[in-house]
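See structure below.
The values are calculated or read from the model by the stated rules, or taken from the named source; none is laboratory data. On a predicted model such as this, the values are computed, not experimentally measured, just so you know. When we count neighbours, we look across all protein chains shown, and the Cβ atoms used for this are built from the backbone with ideal geometry, even at glycine.
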């Protein structure tokens with residue numbers, strides 16, 4: 001129960017009030033193309049049996065904490081065995097993007113593939129890393 005309260009606090013404290021700027025969306029689009037598009041497709045449609053679609057995926061549109069965890073920890077630690085059996089690719093933890101970049105990339109995905117789901121902030125990414133771990137490229 002305490003973990004759920006912590007998740008809700010992370011989201012409530014740092015959820016942005018307004019939609020994303022065009023600069024954030026452009027940055028996120030570029031990062032998606034560089035980091036995600038080769039597996040999930042440029043249009044987010046995924047590859048059946050290989051990589052899941054991003055379009056209207058509940059993971060993309062739902063709780064931002066879970067989506068941030070996927071980026072910072074990879075899917076091996078946080079997806080069920082049933083979910084793992086659907087796709088041959090396992091997403092690794094991010095190893096090169098800063099919290100600002102992850103926020104921009106995920107905001108782009110939630111905006112373009114998730115029906116205008118709320119933006120994600122760098123502060124949310126930082127808080128999730130602190131609570132759950134995961135590679136932190138912001139550290140030297």
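Of the residues examined, residue 106 is not one that is modelled with pLDDT under 95 and either crowded, with 20+ Cβ neighbours inside 10 Å or touching a helix residue (DSSP H, G or I) at 6+ places or on another chain (Cβ under 6 Å) (or both). When residue 88 is tested against the conditions (1) in contact with a strand residue (DSSP E or B) (Cβ under 9 Å, 6 or more places away or on another chain); (2) closer than 19 Å to residue 21 by Cβ, the lone failure is (2). When you look at residue 53, is it touching a strand residue (DSSP E or B) at 6+ places or on another chain (Cβ under 9 Å) and part of a loop (DSSP other than H, G, I, E, B), yes or no? Yes. Criterion first (within 14 Å of the chain's Cα centre (by Cα), closer than 21 Å to residue 132 by Cβ and part of a helix (DSSP H, G or I)) does residue 93 satisfy it? Answer is no for this residue.
Using the structure shown, decide if residue 101 is in a helix (DSSP H, G or I), out of contact with any strand residue (DSSP E or B) (no Cβ under 6 Å at 6 or more places or on another chain) and surrounded by fewer than 14 Cβ atoms within 10 Å (Cβ to Cβ). No: the conditions fail for residue 101.
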